[in-house]
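First comes the structure, then the notes that go with it.
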Amino acid sequence: MSAGDHPPTTRPGRPSLIADIILLMIMLAGCGQGEAEDRSGGAGTDSETNGSDSLAVAADSTDEKSSGGSKGNFLTRIFNRNKDKDDEEEEIVPVEMADVVVQDVPAFLRATATLEPDKQATVLAKIAGEIRRIHVEEGDFVKQGQVLALLDGAVERVRLEEAAARARGFALDLERVERLFDQDLVSTKAMNDSRSRHEEAEAQRKAAELSVSYTRVVAPFSGQVSNRLVDLGQNVSLGTQLFTIVDADPLVARVHLPEKNAARIAIGQPVIINPGDEGDESLMGSVTLISPIVDRRTGTIKVTCEVSGSKTAFRPGSFVRVKLETDRHTDVLVVPKRALIPEGGETYVFMAEGDTVVKVAIKTGFADDEFVEVIDGIVEGDRVITVGQGALRTGTKVRDLDAENGDGK
């Protein structure tokens, strides 16, 4: 070897150390694949370097401990971060709530019926004749005695004139006989016969007069024309149906209740009448009649309820639901009906506890259209969920929409 030549300098372990540093950085970044590639590259470098096996083994051992610890810490951080994220993203269900309060709850008997007018009549022709005039139409309101139509009545008027003339003649004859009787010129029998003829003639005159009055078709009571059954110029006979008149104030609803239930009903008892659709206008009425007999075919008793219909949109023939109060529990715990959850023959509610809910079994009693009595399971002041129960289970977090909107209590 010449003096100017320098022996090759060997730096055992340097390529392996560089590879170890790169590998540690990659492991801290969480790239497993880069770790494998760098390990492979480091192994190739170590194989090309002589005399560095022991140092490389020591470095690899140190690297494995360092990278293993870093990898474990990295996975722990990832797990904890995902767990925190899941906790933050836990669903909070929007709901509506109501307080458990104390109030009265009635018990009702319910039935259906059809509203009927208290008065309804079909006006018939009392004589035969031609319809000369019609003064009303369907829907018109009429007063008692108001003329609805006029019939011809020419024959009846002629008969009236004839009967009146005969009655006047017999009246004059009676006056003459009475004067003669006072002078003892006629017998008592003759005076009585004259008086009888006059009375008979007068009766015939009144009958003819009545027939003439029948040419004026009048309303039997105040009400509304619900049906016109004749036309102008039509010839009608005795008994022909001409008009239908109804008096829609008051209206009546006749319901049939089981005998054991009807025993709890009394005359004058208040009733609530609703149209077919729940939630619409309600009317207050009262019981006016209770049948004294039981229908043998159905085992029911007819109960007649009366309601004023003058200021409502109810009409005769409307289908209604009738509720009769039979009992009342005072000062009891109640919750809205919509809070109830029937399940497996039991009844539950979701009760608020802080920002979560718990499912509670309850026992119920009387109920009306809006509230239900709670006998056991909750206490006054508790808050129950009324809207949004379908997405809840015990422990679910909730937020009160009423409170957010400023309507909460």
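The values are calculated or read from the model by the stated rules, or taken from the named source; none is laboratory data. Computed from a predicted structure; not experimentally measured. For neighbour counting, all protein chains shown are included, and Cβ atoms are generated from backbone atoms with ideal geometry for every residue, glycine included.
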- [ ] Find all pairs meeting these conditions: Cβ atoms under 6 angstrom apart; at least six residues apart or on different chains; first residue within segment 225-248 and within 15 Å of Lys126 (Cβ to Cβ); second residue surrounded by fewer than 19 Cβ atoms within 10 Å (Cβ to Cβ) and of a type in the set (Ser, Thr, Tyr).
- [x] Gln241/Thr122
Open item on the list: Cβ-Cβ distance below 9 Å, separation of 6 or more or different chains: which pairs start in segment 341-352 with a residue that is over 11 Å from Gln389 (Cα atoms) and end on one that is assigned to a loop (DSSP other than H, G, I, E, B)?
Closed with: Thr347/Leu340; Thr347/Gly377; Ala352/Asp382
Open item on the list: Pull out all pairs, ordered by first then second residue, where Cβ-Cβ is under 7 Å, the residues are six or more apart or on different chains, the first lies in segment 150-164 and is free of Cβ contacts under 8 Å to residues at least 40 places away in the same chain, and the second is assigned to a helix (DSSP H, G or I).
Closed with: none
Task: Output for segment 291-344, where each listed residue is farther than 26 Å from Glu281 by Cβ and charged (D, E, K, R) - done: Asp295, Arg296, Arg297, Asp331, Glu343
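Can you tell me which residue is surrounded by the fewest Cβ atoms within 10 Å (Cβ to Cβ) among those in segment 353-364 that are free of Cβ contacts under 8 Å to residues at least 40 places away in the same chain and either under 18 Å from Gly388 (Cα atoms) or among the β-branched types (Val, Ile, Thr) (or both)?
Going through segment 353-364, the residues free of Cβ contacts under 8 Å to residues at least 40 places away in the same chain turn out to be 353-354, 358-364.
Subset that is either under 18 Å from Gly388 (Cα atoms) or among the β-branched types (Val, Ile, Thr) (or both): 353-354, 358-362, 364.
Values: Glu353: 14, Gly354: 7, Val358: 14, Lys359: 17, Val360: 17, Ala361: 13, Ile362: 22, Thr364: 18.
My answer is Gly354.
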- [ ] Tell me, please, whether a residue that is more than 30 Å from Arg383 (Cβ to Cβ), in a strand (DSSP E or B) and out of contact with any Lys or Arg (no Cβ under 6 Å at 6 or more places or on another chain) can be found in segment 160-178.
- [x] no
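With respect to Lys311, is the statement that it is in the same structural domain as Leu289 (by TED's automatic domain parsing), of a type in the set (D, E, K, R), modelled with pLDDT under 90 and surrounded by 18 or more Cβ atoms within 10 Å (Cβ to Cβ) true?
Taking the combined requirement at face value, the residue does not satisfy it.
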Task: Sole exception among (1) among the acidic types (Asp, Glu); (2) more than 30 Å from His256 (Cβ to Cβ); (3) surrounded by fewer than 15 Cβ atoms within 10 Å (Cβ to Cβ) for Asp327, by number - done: (2)
TODO: Kindly provide the set of residues from segment 102-142 that are surrounded by fewer than 15 Cβ atoms within 10 Å (Cβ to Cβ) and within 30 Å of Gly354 (Cα to Cα), ordered by number.
DONE: Val102, Gln103, Asp104
Open item on the list: So, in segment 241-280, exactly how many residues are more than 29 Å from Leu324 (Cα to Cα) and surrounded by 17 or more Cβ atoms within 10 Å (Cβ to Cβ)?
Closed with: 4
- [ ] Sort out which residues of segment 365-387 are in a strand (DSSP E or B), crowded, with 17+ Cβ neighbours inside 10 Å and at pLDDT 90 or above, and write them in order of number.
- [x] Phe371, Val372, Glu373, Val374, Arg383, Val384, Ile385, Thr386
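In segment 225-265, which residue that is hydroxyl-bearing (Ser, Thr, Tyr) and in a strand (DSSP E or B) is modelled with the lowest pLDDT? Quick ask: steps written out before the conclusion?
Start the filter on segment 225-265 by keeping residues that are hydroxyl-bearing (Ser, Thr, Tyr), which leaves 226, 237, 240, 244.
With the extra rule that they be in a strand (DSSP E or B), the set shrinks to 226, 244.
Numbers: Ser226: 91, Thr244: 95.
Out of the qualifying residues, it is Ser226.
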